[in-house]
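Presented below is the structure to which this report refers.
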Amino acid sequence: MQFNFSKWHGLGNDFVIVNGFTEKIEDYQSTAIKVCNRHFGIGADGLVLVLPSENADFRMRIFNSDGSEAEMCGNVTRCVARYVYESGLTEKTKMTIETQAGLIRPELIFNNGVLQTVRVDMGEPRLNPEDIPVTSNSNQPIINTPLVVGNQKFNITCVSMGNPHCIIFVDDINAVNLSETGPLIEKNPIFPRKTNVEFVQILNRETLMMRVWERGAGVTLACGTGACATLVAAALNNRTDKAATLKLDGGDLHIEWGSDNHIYMSGPATEVFQGCYLNE
């Protein structure tokens, strides 16, 4: 198996992007596991295929480092938008990308010809438990609801940004053992499709610190959909206003909950290197 690739990251959340128009991969899941291995592969949080779409400019498929397929990823959306533009696959600076969570609309924002940021219309947050999904006896949103995991009790708020998120507010984010607690919540039976887990410390009404355990990838330096879900959860709990800076391990994202009920995410997208993957 041989294919050309480009390695990108959004705030340290890194991806191997492959042009599916020209490169062929037979088994996406097993390839993702091999490619994402940081010792025997390229090393990444996910493998991403850019493919043709019948109802958008491009279609994007995302495979986590464990081979599972993700519905959506905010950080990789920014990376793919810049990748297709700088690779000459499109001349558009505002485009549509088809994902398993629906259409996402990223925009490259320039200032005097220099890219300043990538802003993504992430669509509307989903709060109905069935849409996240979360097992619940009620169809009411799960906001600040107790969850017992082992001998610990957490108050959780659940949001879908096309993929599931469980947000937990804490007084000291550095006191959280993310590698220990994250997988226990991710695989809790109330989440039939598992969940991403965000621990959040409020600094003020415009600034939050967030750390993430990503479903299928583990601890990552950033999660775009998680940042969006976190702002929604913080606003629903009256901890912040509807626009804030999210400080992640890999850097900052600006998130806004617009008057149109859409979530807008702005942040960087960086190419690391290009190469050819060879595996006998």
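Rule-based calculations on the coordinates, nothing more; no lab input. Model, not experiment: these values are computed from the prediction. Don't worry about glycine lacking a Cβ; one is built from the backbone with ideal geometry, like all the others, and counts go over all protein chains shown.
Does the stretch 1-106 come out rounded, prolate or oblate, given a ≥ b ≥ c as the square roots of the eigenvalues of its C-alpha gyration tensor, rounded meaning a/c under 1.5 and, failing that, prolate meaning a/b above b/c? Please list the in-between numbers first.
On the way: a/c = 1.58, a/b = 1.53, b/c = 1.03.
Prolate is the answer for the stretch 1-106, as a/c is 1.5 or above and a/b outweighs b/c.
Please state the charge dipole magnitude for the stretch 203-280, taken about the Cα centre, from unit charges on C-beta atoms (+1 on K and R, -1 on D and E), reported in debye and rounded to the nearest 20. Could you put the intermediate results ahead of the total?
Numbers: 6 positive and 9 negative charges, 72 e Å.
Magnitude of the dipole: close to 340 debye.
By the scheme Lys and Arg +1, Asp and Glu -1, what is the net charge of all other residues having a beta-carbon under 15 Å from that of Phe110? Kindly include the intermediate steps, with their values, before the conclusion.
On the way: positive: Arg78, Arg82, Lys92, Lys94, Arg119; negative: Glu86, Glu91, Glu107.
With Lys, Arg at +1 and Asp, Glu at -1, the net is +2.
Compute the separation of the alpha-carbon centres of the stretch 203-261 and the stretch 54-116 and state it in Å as a whole number.
The stretch 203-261 and the stretch 54-116 have Cα centres spaced 20 Å from each other.
Quick check: from the Cα gyration tensor, does the chain come out rounded (a/c under 1.5), prolate or oblate?
Values: a/c = 1.75, a/b = 1.38, b/c = 1.27.
Here the chain falls in the prolate category.
Using the Karplus curve 6.51 cos²θ - 1.76 cosθ + 1.60 with θ = phi - 60°, what ³J(HN,Hα) values do you get for each residue of the stretch 24-35, in whole Hz, with x for Gly and Pro?
Using θ = phi - 60°, the values come out as 10, 10, 7, 10, 4, 5, 5, 5, 4, 4, 5, 5 Hz.
Treating only the Cβ atoms of Lys and Arg (+1) and Asp and Glu (-1) as charged, compute the dipole magnitude of the stretch 129-261 about its Cα centre; round to the nearest 20 debye. Walk me through the intermediate numbers first.
Numbers: 10 positive and 14 negative charges, 59 e Å.
Roughly 280 debye, rounded to the nearest 20.
Hey, if you put +1 on the Cβ of every Lys and Arg and -1 on every Asp and Glu Cβ in the chain, which of Gln152, Val272, Phe58 ends up farthest toward the positive end of that dipole?
Gln152
If you take the Cα atoms of the stretch 84-197, find Rg, then find the Kirkwood Rh from the mean of 1/r over all pairs, what is Rg/Rh? Spell out each step's value before the answer.
Working: Rg = 18.4 Å, Rh = 16.7 Å.
My calculation puts Rg/Rh at 1.10.
For the stretch 129-261, what relative contact order do you get, as a whole percent, if you take Cα pairs closer than 8 Å and at least 6 residues apart? Intermediate results must be reported in sequence, preceding the final value.
Working: 270 pairs, mean separation 25.8, N = 133.
Across the stretch 129-261, relative contact order equals 19 percent.
Tell me which residues come under 5 Å, amide H to amide H, from Ile156 once H is placed; ignore anything under 5 positions away on its chain.
For Ile156, the qualifying residues are Asn144, Thr145, Leu147.
Restricting to Cα pairs below 8 Å that are 6+ residues apart, what does the relative contact order work out to for the chain? Please round to a whole percent.
Details: 696 pairs, mean separation 57.8, N = 280.
Once divided by the residue count of the chain, the mean separation gives 21 percent.
Rank these for me by crowding, Ile173, Ile167, going from fewest to most other beta carbons within 10 Å.
Ile173, Ile167
Given +1 on the Cβ of Lys and Arg, -1 on the Cβ of Asp and Glu, and no further charges, what dipole in debye does the chain carry about its Cα centre, rounded to the nearest 20? Present the calculation step by step, with values, prior to reporting the outcome.
Working: 23 positive and 32 negative charges, 50 e Å.
That gives the chain a dipole magnitude of about 240 debye.
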